[in-house]
Amino acid sequence: MSDPLVGRFRTLWAELAGIGRDPATGGYLRYAWSPAELACRDWFVAEATSRGLAVRADGNGNLWADWVPPGVDPASPAVVTGSHFDSVPYGGGYDGPLGIVSALLAVDELREQGFVPARPVTVAAFAEEEGSRFGLACLGSRLLTGGITAARALALTDAAGVTLAEAMRAAGADPAAAGPDPARLARIGAFVELHVEQGRALVDLAAPVGVASMIWPHGRWRLEFTGAGDHAGTTRMVDRRDPMLTCAHTVLAADAQARRLGGHATIGRVEVRPNATNAVPAQVHAWLDARAADPGTLAELVEAITAEATTRAASDGTTVAVTAESDSPLVAFDSALAERARTAVGSGLRVDVPVLPTAAGHDAGILAGHVPTAMIFVRNPTGVSHAPGEYATDDDCAAGVRALAATLAELAAK
């Protein structure tokens with residue numbers, strides 16, 4: 001007999017699947033405040049409203065859809081769940097939207113079961129989680145919690161020079177309302193984020209879902225390599241001060257140091273000036289993403305990469321400047337909440353639920369410093385994320401919905 005929840009998931013998922021998808025690659029272009037992301041937000045408002053949820057946007061562009069049954073105090077601390085719609089360039093479709101679709105379906109499941117929460121249940125959609133447009137990940141949750149000032153956030157620019165303030169204004173939002181929202185934060189009694197797994201741990205464990213224990217500390221650093229622009233044909237090799245050579249060495253050093261220390265280091269974005277085939281570059285900007293299981297190892301990793309870049313720059317006749325753009329500390333999720341989630345998920349699905357760490361950042365990681373927070377992962381058979389190969393089966397997604405519904409019922413019952 002077919003599972004009706006699988007059918008409901010397929011139907012709802014199909015409504016989002018085409019928004020912002022690049023037909024040539026199958027990847028998604030859903031940058032924050034872009035037409036594609038705004039279309040996803042409009043879809044969310046329509047779906048939440050059709051379920052009788054009260055939808056509102058806060059001053060930071062985060063959306064909140066409240067399920068408040070009669071007799072429940074709407075101001076009481078809510079059980080909140082959700083994720084984000086924005087993507088990395090040409091990213092996968094499950095990272096973010098799966099958590100929102102699953103949240104809406106979990107509300108449907110609870111209602112179908114006749115469950116009536118004793119406090120509000122809220123579905124949230126956060127703004128600019130990936131940081132792909134304005135360079136700072138989890139921007140909506142950072143603004144909400146005061147992790148970044150409104151002045152700094154609104155001045156951030158995208159590749160075209162558009163500021164966050166201008167993008168918000170173009171979308172009909174008032175940037176003057178951006179900033180910390182202690183009243184909204186105080187109304188979050190607990191936060192549970194469902195997310196596709198970004199790795200293959202659940203595949204190896206033969207488990208459809210898991211619960212997170214922690215998020216590795218991680219950050220982003222901008223590397224500015226400066227040399228001397230010159231003619232590619234007439235400048236002797238011995239006379240060159242080529243910053244691309246320094247950058248290339250640093251890319252290799254980052255890989256080697258990450259492997260040595262058991263961390264992760266990636267230079268996946270580079271900008272070259274003047275970016276001409278027949279010119280020795282004058283300047284190269286690169287961005288380092290570094291992660292490790294503990295703060296000490298992360299610091300050692302970044303220091304080692306910086307030292308290698310500096311040494312190579314001296315040899316090449318170039319200079320390098322390293323600037324930290326974001327820093328996310330180690331996040332240990334609330335152990336009591338994680339255990340309640342694990343117990344609820346296990347009883348709901350009749351499976352053993354593994355607890356595992358992740359090296360990926362999430363809005364849950366930002367909120368964890370302020371409210372009890374947990375995460376549920378859904379198995380990804382490819383292990384691929386931030387790329388079109390990212391995937392979860394419909395059956396596992398339905399299991400994720402049931403896991404989330406069981407967790408929400410456990411947390412909202414009293």
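The values are calculated or read from the model by the stated rules, or taken from the named source; none is laboratory data. Not measured: the values here are computed from a predicted model. Here the Cβ is made from the backbone with ideal geometry for all residues, glycine too, and neighbour counts use every protein chain on show. All accessible areas refer to the heavy atoms of the entire protein, side chains included, with ligands and DNA or RNA removed. Shrake-Rupley method; radii C 1.70, N 1.55, O 1.52, S 1.80 Å.
Data overview
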| quantity | calculated |
| --- | --- |
| Segment 314-414: C-alpha gyration tensor shape, a/c 1.5 cut-off, then a/b vs b/c | oblate |
| Top positive-direction residue, dipole computed over segment 261-319 with Cβ charges, set Q283, T266, T319 | Q283 |
| Rg(Cα)/(2.2 N^0.38 Å) for segment 46-89, N = residue count | 1.35 |
| Per residue value of the accessible surface for the chain (all protein chains in place, 1.4 Å probe), Å² | 41 |
| Antiparallel DSSP beta bridges within the chain, percent to nearest 5 | 70 |
| Selected from D230, D255, D242 as most flexible by GNM, with the chain as the system and alpha-carbon contacts under 10 Å | D230 |
| Which of A387, H218, A207, positive extreme of dipole for the chain (C-beta unit charges) | H218 |
| For the chain, size of Cβ-based charge dipole, Lys and Arg +1, Asp and Glu -1, in debye | 160 |
| Whole-number Å³ per residue for the convex hull built on Cα positions in segment 276-358 | 162 |
| Percent breakdown of C-alpha pair distances by 5 Å bin, ordered from the shortest bin, for segment 96-234 | 2, 7, 12, 15, 15, 15, 12, 9, 6, 3, 2, 1, 1, 1, 0, 0 |
| Residues listed by number, segment 119-151, amide nitrogen under 14 Å from A57 label point at 7 Å toward C-beta | 125-128, 140 |
| Euclidean distance of C-alpha centroids, segment 1-69 and segment 296-324, integer Å | 42 |
| Estimated inter-spin distance, S2 and D108, nm [label 7 Å along Cα→Cβ] | 1.4 |
| Apportionment of accessible area to carbon and sulfur, the chain, percent (1.4 Å) | 55 |
| Among A374, A190, A170: highest mean-square fluctuation, GNM of the chain, C-alpha pairs under 10 Å | A170 |
| Debye-sum result for the chain in log10 I(q)/I(0), which assumes one identical scatterer on each alpha carbon, at q = 0.10, 0.12 Å⁻¹ | -0.69, -0.96 |
| Cα centroid of segment 217-279 to Cα centroid of segment 89-141, whole Å | 37 |
| Linear extension gain, R273 paired with T163, 0.36 nm per residue minus alpha-carbon span | 37.4 nm |
| Rg/Rh (Cα only; Kirkwood hydrodynamic radius) as it applies to segment 169-208 | 1.27 |
| Gyration tensor (alpha-carbon) shape descriptor, segment 164-239, a/c threshold 1.5 | oblate |
| Residue with peak Gaussian network fluctuation, the chain [Cα springs, cutoff 10 Å], from P329, P23, P97 | P23 |
| R0 of 51 Å, Cβ-Cβ distance A314-D352: FRET efficiency to nearest 0.05 | 0.40 |
| Net lengthening on full extension, R236/A151 (0.36 nm per residue, minus Cα-Cα) | 25.9 nm |
| Computed over segment 200-331, Kirkwood Rh from alpha-carbon pairs, angstrom | 16.2 |
| Kirkwood hydrodynamic radius of segment 104-146, Cα pairs, Å | 12.6 |
| Two-decimal Rg/Rh across segment 69-173, once Rg and the Kirkwood Rh are taken from alpha-carbon atoms | 1.07 |
| Anisotropy class of segment 3-94 from Cα gyration tensor, a/c 1.5 cut | oblate |
